[in-house]
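Okay, so here's the structure we're looking at.
The values are calculated or read from the model by the stated rules, or taken from the named source; none is laboratory data. Note that the structure is predicted; figures quoted are calculated from it, not measured. Please note: Cβ atoms are built from the backbone with ideal geometry, for glycine as well, and neighbour counts cover all protein chains shown. Surface accessibility is based on the protein's heavy atoms, side chains included, excluding ligands, DNA and RNA. Shrake-Rupley method; radii C 1.70, N 1.55, O 1.52, S 1.80 Å.
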Amino acid sequence: MIHRLRIPEVTPRQFPAGRSTRVLAGVAGLPAQRFAMGHSTVYPGGRVPLHQHANEEVYVILRGDGEMTVGGEHITVTEGSAVYLPPGVPHELRNTGGDDLMLMWVYAPATVVDHWAEEEREGRNQQ
């Protein structure tokens with residue numbers, strides 16, 4: 001059986017740090033069992049806040065310009081950049097451009113990482 005979805009048809013989850021995320025596989029969407037995969041749009045001035053988790057992860061920048069901090073090192077990312085994020089290493093992404101920054105991400109194992117709920121709680125507390 002073939003499983004298929006279209007990214008624009010997946011309802012995005014909005015985060016208070018200025019991004020939306022669509023989970024495409026793993027914990028929702030396509031039935032991957034060993035990894036999770038998604039698509040995020042980081043709005044101008046938005047970010048994926050500093051966090052860490054036990055999953056290994058890769059970000060692939062599809063469009064836009066940003067800056068990442070990985071384990072205390074700062075790098076610039078642009079369209080076509082792919083960045084490996086080892087388990088347990090703090091990392092964050094900031095959109096430094098004037099347009100949306102779009103990325104695909106994949107991590108293993110397939111779980112919902114804790115920082116999503118933490119970010120949403122912090123956003124509610126700041127309102």
Count, please, the residues in the range 90-118 that happen to be open to solvent by 40 Å² or more (accessible area, probe 1.4 Å) and at pLDDT 95 or above. 8
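Against the definition (open to solvent by less than 40 Å² (accessible area, probe 1.4 Å), in contact (Cβ under 8 Å) with a residue 24 or more places away in the chain, under 23 Å from residue 119 (Cα atoms) and of a type in the set (Asp, Glu)), how does residue 56 come out, yes or no? Let's see the steps before the verdict.
Numbers: open to solvent by less than 40 Å² (accessible area, probe 1.4 Å): no; in contact (Cβ under 8 Å) with a residue 24 or more places away in the chain: yes; under 23 Å from residue 119 (Cα atoms): yes; of a type in the set (Asp, Glu): yes.
In short, no.
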Look at the range 27-53 and say how many of its residues are under 15 Å from residue 112 (Cα atoms), among the small types (Gly, Ala, Ser) and buried (at least 19 other Cβ atoms within 10 Å of the Cβ). 3
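Condition (residue is part of a strand (DSSP E or B), touching a Leu at 6+ places or on another chain (Cβ under 6 Å) and within 25 Å of residue 6 (Cα to Cα)) applied to the range 75-97: is it met by at least one residue? Before the answer, list the steps.
In the first step, residues of the range 75-97 are kept if they are part of a strand (DSSP E or B); the result is 75-78, 82-85, 91-95.
Restricting the remaining residues to those that are touching a Leu at 6+ places or on another chain (Cβ under 6 Å) gives 91-92, 95.
Next cut, within 25 Å of residue 6 (Cα to Cα) only: 95.
Yes, the range 75-97 contains a residue that is part of a strand (DSSP E or B), touching a Leu at 6+ places or on another chain (Cβ under 6 Å) and within 25 Å of residue 6 (Cα to Cα).
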Within the range 9-26, is there a residue that is polar (S, T, N, Q), closer than 20 Å to residue 108 by Cβ, touching a helix residue (DSSP H, G or I) at 6+ places or on another chain (Cβ under 9 Å) and open to solvent by 80 Å² or more (accessible area, probe 1.4 Å)? no
Might you check whether a residue that is crowded, with 17+ Cβ neighbours inside 10 Å and basic (Lys, Arg) occurs anywhere in the range 59-78? no
